[in-house]
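First comes the structure, then the notes that go with it.
Just so you know, all these numbers are worked out from the coordinates, no wet-lab data involved. Predicted model, so just to flag it, every value in this text is computed and none were measured. Cβ atoms come from the backbone with ideal geometry, glycine included; neighbour counts cover every protein chain shown.
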Amino acid sequence: MSAIYTRIIRPLLFTMNPEKVHHLVVGMLRRAFSIAPLRCFVSKLYRVEHPSLKRTVFGLEFENPVGIAAGFDKNAEVFEALSAFGFSHIEIGTVVPLPQPGNPKPRLFRLRKDKGLINRMGFNHLGLDVVKERLKNRPPHLIIGGNIGKNTLTPNEKAAEDYLTCFEGLFDLVDYFVVNVSCPNISNMKALQDQDALLGILNVIQQSNSAKPRRKPVLLKVSPDLNDQQLDEVIDIVQQTGIDGVVATNTTITRHTIKNEIKAAEKAGNGGLSGLPLQKRSTEVVRYLAEKSGKAFPIIGVGGIMTPQDAIEKLEAGADLVQVYTGFIYSGPSLARKINKALLKKNAN
């Protein structure tokens, strides 16, 4: 199956505009997996179940440590289909309160030889109400995370209101939350990563969280472009606000790790770089946070996971769970199965 994807299906898909391909694939998955027998067949083919794969992280029980990162299922359209491919959790979003088109097109670019993507999507989204409606009949067995952000036109001084709106709106519909202040494709969002601004957002969310009969886990998604001092501040913020963990990392604005398609990257212009060029730095951030904090909080490792060994490296660096996105596009639908099989083999040795 893997060879069919990499030799036939992927080359065909890569002849088309990447954003159009994404919408095409999402549409095909949505229609195909509405057929229960097909969903069951794919699930039997790709899911790997074993007690040693299970993880209990921030109070939730995951069937295995491999999930889909935010960005793939922005509008909560295909979480059941992605679950059938063996992923234990799906992070939807980034969800914003009001519908918005995102940045002008083209805004998604492939770096094929480097196995990377550059995107400046800009939180293109159908809005909170659409997602709420789609999550009403979600399957209870699947863990769904809600990645939340602010509308582009919302000024930073009112950003906390947008995050709180999404938090309140999704509270009964998702299992955990990820506060996204590290996307490089939203103007002025970098300012929200400053300690005071971030404390303001997280404290507002945590106040609401604490008032609930049963609170939900809240995590912070961090940028790979933070220096050590800023990562130390992240550790302090986690401790001060009492949030439950960190997602490391988002995409990067740097380009120095691109080896083969420098001109293509220059032509693409601004945007967040993901995939293989991000692999080393994201693992460094995971390791730094884990070691410097003394593993004081859970970490979800994201960035450049293209193979099972890449996932194992993230876990060995200190991640409790891992997520894929660009690797799913380049490596194909069997990636979660391969990672879980590799973990079983490693556990048996």
Could you give the length gained by full extension between Lys280 and Lys113, i.e. 0.36 nm per residue of separation minus their alpha carbon distance, to one decimal place?
58.4 nm
How much length is gained if the chain between Asp228 and Cys40 is pulled fully straight, taking 0.36 nm per residue apart and subtracting their Cα-Cα distance, in nm to one decimal?
63.1 nm
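Expected output is a single nm value to one decimal: the length gained when fully extending between Ile9 and His141, i.e. 0.36 nm times separation in residues minus the C-alpha distance. What is it? Before the final figure, lay out the partial values.
On the way: separation 132, 0.36 × 132 = 47.52 nm, distance 3.05 nm.
Using 0.36 nm per residue and subtracting the Cα-Cα distance, I get 44.5 nm.
Could you list Asp310, Asp194 so that the one with the fewest beta carbons within 10 Å of its beta carbon is first and the one with the most is last? It would help to have the intermediate numbers written out before the result.
Values: Asp310 22, Asp194 14.
So the residues, fewest neighbours to most, are Asp194, Asp310.
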Looking only at Asp175, Asp196, Asp244, which one moves most when the chain is put into a Gaussian network model with springs between Cα atoms under 10 Å?
Asp196
DSSP-assigned coil residues among trypsin sites (Lys or Arg not before Pro) in segment 190-273, each with at most 11 further Cβ atoms within 10 Å:
Arg214
Connecting every pair of Cα atoms under 10 Å apart in the chain and solving the GNM, the largest mean-square fluctuation among Val174, Val130, Val286 falls on Val130
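Among Lys280, Lys74, rank each residue by its count of other Cβ atoms within 10 Å, from fewest to most, as a rough exposure measure.
Numbers: Lys280 14, Lys74 22.
The fewest-first ordering by Cβ neighbours comes to Lys280, Lys74.
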Exposure proxy check: Thr15, Thr254 ranked by fewest other beta carbons within 10 Å?
Thr15, Thr254
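Can you give me the relative contact order of the chain as a percent, contacts being Cα pairs under 8 Å and 6 or more apart? Present the calculation step by step, with values, prior to reporting the outcome.
Details: 671 pairs, mean separation 62.8, N = 349.
Dividing the mean separation by the residue count of the chain yields 18 percent.
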Distance between the C-alpha centers of segment 324-340 and segment 99-176? Whole Å please.
22 Å
Tell me what the chain gives for mean residue ellipticity at 222 nm when only DSSP H runs of n ≥ 4 count, each as -39,500 (n - 2.57), the sum divided by the residue total, rounded to 500 deg cm²/dmol.
-12000 deg cm²/dmol
Taking the Cα of Asp236, stepping 7 Å toward and past its beta carbon, and measuring to each backbone N in segment 184-210: which are under 15 Å?
193-200
For labels at His256 and Leu344 in the simple 7 Å Cα→Cβ model, what's the distance in nm?
4.2 nm
Determine Rg/Rh for the chain; Rg is computed over alpha-carbon atoms and Rh is the Kirkwood hydrodynamic estimate from the same atoms.
0.93
From the cross-link list Lys267/Lys292; Lys190/Lys345; Lys136/Lys158; Lys44/Lys292; Lys105/Lys263, which pairs have alpha carbons spaced over 30 Å apart?
Lys267/Lys292; Lys190/Lys345; Lys44/Lys292
